[in-house]
Number of protein chains: 2
Amino acid sequence: MSVTDELLANAERYAESFDKGDLPLPPAKRVAVVACMDARLNPYGVLGLSEGDAHVIRNAGGVITAGERRSLAISQRLLGTLEIILIHHTDCGMLTFTDDAFKGAVQEETGIKPDWSAEAFSDLDEDVRQSIARIKADPFIPHTDQIRGFVYEVETGRLREVK
Amino acid sequence: MSVTDELLANAERYAESFDKGDLPLPPAKRVAVVACMDARLNPYGVLGLSEGDAHVIRNAGGVITAGERRSLAISQRLLGTLEIILIHHTDCGMLTFTDDAFKGAVQEETGIKPDWSAEAFSDLDEDVRQSIARIKADPFIPHTDQIRGFVYEVETGRLREVK
């Protein structure tokens with residue numbers, strides 16, 4: 001039995017007790033969260049989110065690239081969100097390599113150099129500020145006055161705001 | 001008080017009862033989930049995931065673009081995941097517009113035409129299959145024999161596999 005099969009058994013149980021079939025499409029709290037994909041960071045647990053509350057956008061690092069700006073533009077323009085919460089975290093995998101090293105290793109193995117940036121970073125707080133700056137500079141995201149960035153501490157479960 | 005402030009109060013409570021400070025960086029279940037950012041779709045609830053279990057990657061539509069391929073390459077190459085679960089869902093916002101219409105509306109308002117695809121789609125099952133095909137065609141994602149795609153039904157809470 002694969003892990004996927006095991007998780008599908010959980011999904012059966014979720015459906016059996018499901019009672020949220022009439023939630024509207026737009027997020028109730030009008031907020032979009034952008035967080036790292038890290039397994040230890042559970043935005044639902046940390047922020048106390050329930051089904052229907054918020055858009056959750058995630059990727060390796062919780063970085064802001066063209067794809068995240070696309071998602072945020074759709075979130076705000078079509079579905080009415082107004083606030084943005086960014087979450088990076090301690091002990092992040094993105095701190096453990098450089099773009100050059102990662103892309104070099106991939107090229108070594110596959111014979112092809114990735115045509116994207118790995119988006120590695122060496123300073124968590126600085127990358128949170130960088131992410132905020134990228135959103136504020138985007139011409140397609142209308143609401144950028146309520147963006148706040150945080151570092152989640154995987155050791156303590158705390159969320160620390162980046163100023 | 002902003003919604004963000006309200007969610008930060010939840011984060012304080014999460015930290016107070018936190019007891020998962022020694023989880024390892026690599027996901028325990030060696031699986032990566034790619035899902036839509038939709039507020040009604042809670043991958044933790046549906047799949048029964050806990051902190052430490054799985055990478056969770058999300059965007060508008062749960063589509064596969066360059067950014068998601070970057071995240072999956074990092075997930076598998078650096079952090080050991082082997083299986084991929086894709087989740088689209090019924091009543092998705094991406095079904096309600098076309099790329100041309102969305103980009104035209106943005107251009108009308110901002111004077112600038114977005115230099116990205118909105119990644120709208122008109123057929124859920126077909127876009128799930130498209131996403132699987134994009135991953136399998138990627139030269140940088142090593143493990144592509146355990147990819148399965150699903151449509152989450154927001155009306156019933158059920159996960160339906162796309163064949």
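The values are calculated or read from the model by the stated rules, or taken from the named source; none is laboratory data. Note that this is a predicted model, so its numbers are computed, not measured. Virtual Cβ from ideal backbone geometry, glycine too; neighbours counted across all protein chains shown. Each accessible area value is taken on the protein alone, full model and side chains, heavy atoms only, with ligands, DNA and RNA left out. Shrake-Rupley method; radii C 1.70, N 1.55, O 1.52, S 1.80 Å.
Label chain B by shape, choosing from rounded, prolate and oblate, from the square roots a ≥ b ≥ c of the eigenvalues of the Cα gyration tensor; if a/c is under 1.5 it is rounded, and otherwise prolate applies when a/b is larger than b/c, oblate when it is not. Cα axes put chain B in the oblate bin. Over all orientations, region B:75-163 has a Cα convex hull whose mean projected area works out to 7.7 square nanometres. Within the protein assembly as shown, DSSP assigns beta bridges of which about 20% are antiparallel (rounded to the nearest 5).
Counting only protein chain heavy atoms and rolling a 1.4 Å probe, the accessible areas of A:GLU155, B:GLU119 rank, largest first, as A:GLU155, B:GLU119. Taking B:LEU86, B:LEU25 and ordering them by how much accessible surface each has at a 1.4 Å probe, largest first, produces B:LEU25, B:LEU86.
Counting Lys and Arg as +1 and Asp and Glu as -1 over every other residue whose Cβ lies under 10 Å from the Cβ of A:VAL63, the net charge comes to -1. The lysines within cross-link reach of B:LYS136, meaning a Cα-to-Cα straight distance under 24 Å and a gap of 8 or more places when in the same chain, are A:LYS103, A:LYS113, B:LYS29, B:LYS163. Inter-chain neighbour count for B:52-64: the average number of beta-carbon atoms from partner chains within 10 Å of each residue's beta-carbon is 6. Note on region A:67-89 and region B:116-163: Cα centroid distance 22 Å, given to the nearest whole angstrom.
On association of chains A and B, roughly 7100 Å² of accessible area becomes buried (total for both chains; probe 1.4 Å).
Heavy-atom accessible surface of B:ASP19, to the nearest 10 Å², is about 120 Å², with a 1.4 Å probe and all protein chains retained. With springs connecting C-alpha atoms under 10 Å apart, model chain B as a Gaussian network and identify which of B:TYR44, B:TYR14, B:TYR152 has the largest mean-square fluctuation. Result for chain B, Cα springs under 10 Å: B:TYR14 fluctuates most. When chain B is treated as a Gaussian network with alpha carbon springs shorter than 10 Å, the biggest mean-square fluctuation among B:ALA35, B:ALA11, B:ALA118 belongs to B:ALA11.
Within region A:27-69, the ratio Rg/Rh, alpha carbon atoms throughout and Rh by Kirkwood, equals 0.97. For peptide B:152-163, the mean count of partner chain Cβ atoms within 10 Å of a residue's Cβ comes to 4. Largest GNM mean-square fluctuation across B:GLY111, B:GLY62, B:GLY45, computed for chain B with C-alpha springs under 10 Å, falls on B:GLY111. The amide H of A:ALA35, built 1.01 Å from its N in the peptide plane, has A:ILE57, A:ARG58, A:ASN59, A:ILE87 as neighbours under 5 Å, considering only residues 5 or more places off or on other chains. Note that region A:10-115 presents 36 Å² accessible area per residue, ligands and nucleic acids not counted, probe 1.4 Å.
For peptide A:70-77, the mean count of partner chain Cβ atoms within 10 Å of a residue's Cβ comes to 6. Rounded to the nearest 20, the size of the Cβ-charge dipole of region B:39-140 about its Cα centre is 380 debye, with Lys and Arg at +1 and Asp and Glu at -1.
Averaging 1/r across all pairs of distinct Cα atoms in the protein assembly as shown and inverting the result yields a Kirkwood radius of 19.7 Å. To put it simply, the accessible area of region A:1-141 at a 1.4 Å probe is 48 percent carbon and sulfur. When chain A is turned onto chain B, its residue with the beta carbon nearest the axis, and that distance in whole angstrom, is A:GLY67, 2.
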